[in-house]
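Here's the structure we're looking at; comments come further down.
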Ligand code: BG6
């Protein structure tokens, strides 16, 4: 695949985008608001058609658009304006479909393609529960909807290695891997590409990015939000599959990979796959599951549910660069606060020239906040002003929004939708990576730790607080 033309953001060719799960939460909160933002910013081609699809009709096209209008007004409030909406909405229609019946949809897709002409690209966005994904893929093949189309798949990809392999085989039967876009929206955050820029565009970080200098890595995504109406999803998926096998492991891949030959899809995937091959299968004894108190009383949750709403894992990458460096992963719902932070902790200097050994409250760390507007902070020990030579914590901070004021970051889904339309797979995950990650996660799936209770608004079960050893978790101790 030729790398996308990054000088001209809008895809050149007409696009027909079919969104399965178009009345669902992701479509309402992220996909349609993301498409609207792209339209408003002039990053969609003039000729685009979005066909929403799902098992139940939301009413007429006009009613569907009205409903979407309310969501876009809410979730793209910062850029919403009525004129832009009025020019966007007529591009959207809705057609009912299901895994057993795609005929009406196939006809609608054919009509849209014919109207758009020969150069039209078709993208099929599957935002459906993992249990129905494979049947939907088969329907797309059987009806011909998948012919010449690209497929965007929402995570989680399967429930374990066997189901992921079976899903991948079904996908390979209808669309070549070059046209499959497995979305992990964390990779669409500006901060992930900024991590690559930081490491590989500077001389200062890469030489210390290894076991000789790095003592630990933490990938910490606590969330203060709770179920947000997603009880059904969490009950069937759990936080380990929802967040760890996907977002946290993908970030680990980007932190730990070797310098790729080029910043391009194949090269990055190859390097991430090497990391995952070296990633030691997770040990249930080094994994803590938690469930917040009161979870079982939530609407839509079983009275005896043992689904985990919190996970912490101590992981190890057994290769030349990372041997012996713990990678601490943590995420959970209803925690003390929300953050998405990668912390790289450095070894203490070999000799304590300044008296006491450096104190734990004053670590030497690089932190990367994984946001659409990245913040990178280098925490160092520095001399406190005054007559004595004593140390305190000093910080150097880079804030993308301040440094590049006026530059508009794309929200993660917006970026990934745009890349998929441009045929750029750089920030999407490959089948081999996903399959290897299920192998890594398999011991924990087979020997699930019992979820330990934790108070809402806390940092999770005590056992998880002890996982990093004496130094604790950077986010909560900062
Ligand atoms: C989603 C998970 O993929 O990511 C949610 O399903 C989680 O459970 C969300 O809350 C977090 O994403 P973000 O971008 O809001 O940090």
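Just so you know, all these numbers are worked out from the coordinates, no wet-lab data involved. Everything numeric in this text was worked out from a predicted model, so none of it was measured. All Cβ positions, even for glycine, are placed from backbone atoms using ideal geometry, and neighbour counts span all protein chains on display.
How many percent of all Cα-Cα pairs in the stretch 164-285 sit more than 25 Å apart?
Working: 2681 of 7381 pairs.
Summing the P(r) of the stretch 164-285 above 25 Å gives 36 percent of all pairs.
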* Asked: Short version: what are the Cα gyration tensor semi-axes of the stretch 331-478, square root of 5 times each eigenvalue, largest first, in whole Å?
  -> 34, 26, 16
* Where labels lie 7 Å past Cα in the beta-carbon direction, separation of residue 104 and residue 432 in nm -> 4.3 nm
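Mind checking the full-extension length gain between residue 160 and residue 46? Use 0.36 nm per residue of separation minus the Cα-Cα distance, one decimal, nm.
Additional length available on full extension: 36.9 nm.
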* When the Kirkwood radius is taken over all Cα pairs of the stretch 326-405, what Stokes-Einstein diffusion coefficient follows at 20 °C and 1.002 mPa s, in µm²/s? -> 143 µm²/s
* Asked: Using r as the Cβ-Cβ distance of residue 61 and residue 224, and R0 as 41 Å, what FRET efficiency do you calculate, to the nearest 0.05?
  -> 0.60
* Can you give the convex hull volume per residue for the Cα atoms of the stretch 73-204, as a whole number of Å³? -> 189 Å³
* Taking Rh as the Kirkwood radius computed over C-alpha pairs, what is the Stokes-Einstein D of the stretch 139-228 at 4 °C in a medium of viscosity 1.567 mPa s, expressed in µm² per second? -> 76 µm²/s
* Packing-wise, with mean Cβ within 10 Å as the measure, how do 224-237, 121-134, 25-38 rank, highest first? -> 25-38, 121-134, 224-237
* **Label-to-label distance, nm, for residues given as residue 336 and residue 131 (7 Å Cα→Cβ offset)** => 3.7 nm
* Asked: Against the longest principal axis of the chain, how steep is helix 265-278, in degrees 0 to 90 to the nearest 10, with axes from Cα atoms?
  -> 50 degrees
* Asked: Roughly how many whole Å is it from the C-alpha centroid of the stretch 207-223 to that of the stretch 376-412?
  -> 18 Å
* Specify the angular offset, from 0 to 90 degrees and rounded to the nearest 10, of the alpha carbon long axis of helix 130-142 from the longest principal axis of the alpha carbons in the chain. => 40 degrees
* Asked: How much length, in nm to one decimal, is gained on full extension between residue 270 and residue 401, taken as 0.36 nm per residue of separation minus their Cα-Cα distance?
  -> 44.0 nm
* Pull out the extension gain between residue 319 and residue 210, defined as 0.36 nm times the separation in residues minus the alpha carbon to alpha carbon distance; nm, one decimal. => 38.2 nm
* Asked: Just from its helices, what would the mean residue ellipticity at 222 nm be for the chain, if runs of 4 or more DSSP H residues each count -39500 (n - 2.57) and the sum is divided by every residue, rounded to the nearest 500 deg cm²/dmol?
  -> -9500 deg cm²/dmol
* Structure fact -> On each of the three principal axes the extent of the alpha-carbon atoms of the chain, given in whole Å and largest first, is 77, 52, 40
* **Euclidean distance between Cα centres, the stretch 272-303 to the stretch 95-128, Å** => 37 Å
* To do: Working from Cα positions, state the angle (0 to 90°, nearest 10) between the long axis of helix 61-75 and the longest principal axis of the chain.
  => 20 degrees
* Sort the stretch 43-105 into rounded, prolate or oblate with this rule: let a ≥ b ≥ c be the square roots of the eigenvalues of the Cα gyration tensor; rounded if a/c is under 1.5, and if a/c is not under 1.5, prolate when a/b is larger than b/c, oblate otherwise. => prolate
* To do: Between residue 81 and residue 197, with labels modelled 7 Å along Cα→Cβ, what's the label distance in nm to one decimal, could you check?
  => 2.7 nm
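Looking at the square roots a ≥ b ≥ c of the eigenvalues of the Cα gyration tensor of the stretch 1-150, which shape do they give, rounded for a/c under 1.5, prolate if a/b is larger than b/c, or oblate? Each step should come with its number before you reach the end.
Values: a/c = 1.65, a/b = 1.17, b/c = 1.41.
Judged from the Cα gyration tensor, the stretch 1-150 comes out oblate (a/c at least 1.5, b/c at or above a/b).
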* Mind checking the log10 I(q)/I(0) for the stretch 271-354 at q = 0.13 Å⁻¹? Debye, one equal scatterer per Cα, no solvent, two decimals. -> -0.64
